[in-house]
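As structure tokens, the structure follows; a few thoughts come after it.
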Amino acid sequence: MDPAENNFRYVGWRVVLVASLAMVATLPGRTVGLGLITEPLLEDLQLSRVRYSNLTIWATIIGALLSPVCGKAIDRWGVKTCLPAVIMLLGLTTISMSHYVTAANVIVFLILSRGFGQSSLSTASVTAVGKFFESHLGIALGVFSALVAVGFVLTIPTVDGLIGESNWRSCWFGIGGFLIALAAFTFLTILAKGQKQSQSNHNEVSVTWSSAMKTRFFWSFTVSVGLYYLVLSGLTLFCESVLSDLGFDRSIYIASMISMMIAGLFGNFLIGWLSAFWKTNYLLAISLLILAAVLLGLPSVKTSGQAIFLFFLYGICGGSFAVLFFVGYGKAYGPQHLGRIQGIAQTFGVFASAFGPKLFAETRSATGDYWLALQGLGIAAIALALVALLTPKPNRSTVKKSFLTQVESDKSSRI
């Protein structure tokens, strides 16, 4: 346990601040951010919704491939260099998009926005915290997740208002300029001594990305988080439609979203605190069971109170997964190769989220409602919860020793 982590003058807490700002800054590359400009963009470029949605899916998948590249770069060159660099690249992309996007090249800007925003900057932000914390990782990531949630709640309506007052191109240009300023602020905030403090954590036993991928724990965590991302993208996008099918109007949809956001903050702090005492696979199993309860319970909702309560549970679940995704890999595999490990996991999660809306839309088109998708995903969540209970966190020393033994065996066989 590093006693420095108990001191709020420790540079790691400054990293939590700038990393949370960086995560909020992914907005231009996220579905919610691009969604704010979808209508004016389609009108401006004279694009059909079908073509744009297909371009978005491919941009999400291709952009996700930058996550492991970013993770590897962080492991090699450090947080101080890579985090500001990725923010800068997203800022330049956003400014360029505001000036030069056309119907012919929109796919290029979507790929760059997704790649530098949703993929690379998300990976860099969460890995930055994991690089500076060991014993207090859960608490640090709980604070980080709560700051991110508050940041998005404040930023989304602000950006939406700016788009309404001017136009999407002017707003995107302003956001790009803000990102470049944030890159400079981030670089100056993480001082050289902070980089050294981060490197001191690497004295801990750490597992390489290739050996981590050979453990059951990695796949239990990664597939579970991927399932949540799939549900998040599909259910959140069509949430108003789901509630409408149940007989509720838009006011209940708004109340459910508010309930979900408030519960998400509670889930951030609760899981961040519990992760210091409970095993991460137990927390993952509990979160998956809550998710299953929401998915299986939605088709049976009869009253507005029940709907709001289920989305409150969904918010707790979302806050839990937000922290678990960040803390699980760090606790299991250590900080030294955390960038590449989380980058690979982030890629898997983004792939899953890309197909969430399609699964929900296709199910409703084929059956007339969303219930089959909800029930199938709920059953999958229960199955993954059982897997999580039976898959404890691996012993780092054992995994590393096993990997080194295998390497020596392979060398001998080649000789």
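The values are calculated or read from the model by the stated rules, or taken from the named source; none is laboratory data. Bear in mind that the values here come from a model prediction, so they are computed numbers and not experimental data. When we count neighbours, we look across all protein chains shown, and the Cβ atoms used for this are built from the backbone with ideal geometry, even at glycine. Accessible surface areas use protein heavy atoms only, side chains included; no ligands, DNA or RNA. Shrake-Rupley method; radii C 1.70, N 1.55, O 1.52, S 1.80 Å.
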Exercise. Of the numbered conditions (1) closer than 20 Å to Val148 by Cα; (2) at pLDDT below 85, Val225 satisfies every one except a single condition; which is it?
Worked result: (2)
Exercise. Among the residues of segment 12-32 satisfying the criterion of being of a type outside the set (A, V, I, L, M, F, W, C) and either assigned to a loop (DSSP other than H, G, I, E, B) or open to solvent by 10 Å² or more (accessible area, probe 1.4 Å) (or both), which is nearest to Ala64 (Cα to Cα)?
Worked result: Arg30
Seminar exercise, completed: In segment 361-391, residues that are over 18 Å from Ala293 (Cα atoms) and either of a type in the set (A, V, I, L, M, F, W, C) or in contact (Cβ under 8 Å) with a residue 40 or more places away in the chain (or both) total 6
For this session: Determine whether Val129 is surrounded by fewer than 24 Cβ atoms within 10 Å (Cβ to Cβ), under 20 Å from the mean Cα position of the chain (by Cα), within 25 Å of Gly339 (Cβ to Cβ) and of a type in the set (Val, Ile, Thr).
Result: no
Seminar exercise, completed: Subset of segment 65-83, residues of a type in the set (Ser, Thr, Tyr) and buried (at least 17 other Cβ atoms within 10 Å of the Cβ), comes to Ser67
Problem set entry | Top-ranked residue of segment 276-318 - restricted to ones that are among the β-branched types (Val, Ile, Thr) and touching a Cys at 6+ places or on another chain (Cβ under 9 Å), ranked as farthest from Gln375 (Cα to Cα) | Ile290
For this session: Could you grab the pairs with beta carbons closer than 7 Å, sequence gap of 6+ or different chains, first residue in segment 335-346 and surrounded by fewer than 24 Cβ atoms within 10 Å (Cβ to Cβ), second one in a helix (DSSP H, G or I) and among the hydrophobic types (A, V, I, L, M, F, W, C)?
Result: His337/Trp209; Ile344/Trp209
Problem set entry | Filtered residue count, segment 33-64, keeping only those that are open to solvent by less than 30 Å² (accessible area, probe 1.4 Å) and either on the phi > 0 side of the Ramachandran plot or aromatic (Phe, Trp, Tyr) (or both) | 1
Exercise. Does any residue of segment 49-62 turn out to be under 18 Å from the mean Cα position of the chain (by Cα), of a type in the set (D, E, K, R) and under 26 Å from Ser170 (Cα atoms)?
Worked result: no
For this session: Taking Thr236 as the residue in question, decide whether it is without any contact (Cβ under 8 Å) to a residue 24 or more places away in the chain, of a type in the set (Ser, Thr, Tyr) and either in contact with a Pro (Cβ under 8 Å, 6 or more places away or on another chain) or closer than 21 Å to Leu384 by Cβ (or both).
Result: yes
Exercise. Based on what the data block shows, is Phe312 farther than 25 Å from Pro68 by Cβ and buried (at least 18 other Cβ atoms within 10 Å of the Cβ)?
Worked result: yes
Problem set entry | The listed residue being in a helix (DSSP H, G or I), modelled with pLDDT of 95 or more, open to solvent by 40 Å² or more (accessible area, probe 1.4 Å) and closer than 30 Å to Pro299 by Cα, out of Leu359, Leu386, Leu377 | Leu386
For this session: Kindly check whether there is at least one residue in segment 137-151 that is surrounded by fewer than 21 Cβ atoms within 10 Å (Cβ to Cβ) and either farther than 30 Å from Ser259 by Cβ or modelled with pLDDT under 85 (or both).
Result: yes
Exercise. For segment 99-124, which residues satisfy the criterion of being among the hydroxyl-bearing types (Ser, Thr, Tyr) and surrounded by 22 or more Cβ atoms within 10 Å (Cβ to Cβ)?
Worked result: Ser113, Ser119, Ser120, Ser122, Thr123
